[in-house]
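Following: one structure in structure tokens, then a few remarks.
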Amino acid sequence: MNISVHGPLVEQLLAGQFICAITNEEYFAKLQHDDVREGIDEYLKPLNRRVASNDDNSVYFLAYRDIDDPAREHLKQQLGVVMSSLLPLLEWLTYVQEAMGSDGILTAGDTLKLQELVVKTEDNPSLRQRLQSLASDKFFGSSADSVDAQAKQVAKRLVEHGYLVQPHSSRLYFTVTGKIDYLLELVRFIKDEENIPLDDYQNSQAQTELL
């Protein structure tokens, strides 16, 4: 396989992008082919990288082929970054679930209408308090007082971190990406397989119900 054909795709993966049907439909379709993934894997061997996916194959990203000492150190750093954002992200998921009265959590392809979320929050003192606490977290970094401004700042940060995309900049609706699926799978892996304690997370009943 001529790897140069997939150069832009490889560049996105090396940049740490999560490829799903929402973020890039064309690249996602390519990565669903075994020969494409195998060709990229072969090309990335010298870098100790391979193409990986979540259990549902709804999102693709790069992972290490072998966990040597440099890889282990890098993974520890990555885990630290993820852990700093994990709790606010999970709190946001439960907040949206409660506000929208949904039985299930958001997943790749779901649409979030921000104005509808704002209206439901404004009518509920408990949700207003949850959003204010959530938005003021250092991950989201909002100092605004209004529900509308807080919700917009939270959405902006989620777009910046690749958890949401905004198809039209002039319209306040967003689509959930496969990175959300990856996040939840990572939580299950940490909790169940690696048995790494998440004390703060486990102390939140609402967040525990997510899993």
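Here are some notes:
- Rounded to the nearest Hz, the phi-derived 3J(HN,Hα) couplings of segment 137-153 under the Karplus curve 6.51 cos²θ - 1.76 cosθ + 1.60 (θ = phi - 60°) are 4, 4, 5, 8, x, 9, 10, 6, 9, 7, 4, 4, 5, 4, 5, 5, 5, where x marks glycine and proline.
- Between the residues S170, A151, G101, the greatest Cα displacement towards the positive end of the dipole of segment 87-173, with unit charges on the Cβ of Lys, Arg, Asp and Glu, is found for S170.
- 15 Å reach of a label modelled at V119, 7 Å along Cα-to-Cβ, counting backbone N of segment 146-177: 148, 172-173
- Placing a pseudo-label 7 Å from each Cα along the Cα-to-Cβ vector at T175 and Q132 gives an inter-label distance of 3.6 nm.
- Between Q78 and S146, the distance separating the two model label sites (each 7 Å from Cα on the Cα→Cβ line) works out to 4.0 nm.
- Proximity of backbone amide H atoms, modeled 1.01 Å from N, is registered between V59 and N54 at under 5 Å, excluding neighbours fewer than 5 places apart on the same chain.
- Helix 34-44 and the longest principal axis of the Cα set of the chain meet at an angle near 80°.
- Whether segment 1-68 is rounded, prolate or oblate, judged on the alpha carbon gyration tensor where a/c under 1.5 counts as rounded: oblate
- Cα-based reach from K152 at 25 Å (exclusive), listing lysines while leaving out same-chain residues under 8 positions away: K113, K120, K138, K179
- Electrostatic dipole magnitude of the chain [Cβ: Lys, Arg +1; Asp, Glu -1; Cα centre; debye, to 20]: 620
- Note on the chain: dipole from Cβ charges, positive end direction compared against I67, M83, V119; the farthest Cα belongs to V119.
- Each helix, a run of at least 4 DSSP H residues, gives -39500 (n - 2.57); summed and divided by the residues of the chain, these come to -16500 deg cm²/dmol at 222 nm.
- Sparsely packed chymotrypsin sites (Phe, Trp or Tyr not before Pro) within segment 1-52, loop by DSSP, other Cβ within 10 Å at most 15: none
- Set of lysines near K45 by C-alpha distance (under 22 Å), chain-local residues within fewer than 8 positions excluded: K30, K76
- Across segment 160-168, coupling constants 3J(HN,Hα) worked out from phi with the 6.51/-1.76/1.60 Karplus curve, θ = phi - 60°, read 4, 8, x, 8, 10, 10, 10, x, 10 Hz, and Gly and Pro carry x.
Only the coordinates and a few stated rules stand behind these numbers; no lab work does. Please read all numbers here as calculations on a predicted model, not as lab measurements. Note: ideal-geometry Cβ built from the backbone for every residue, glycine included; neighbour counts use all protein chains shown.
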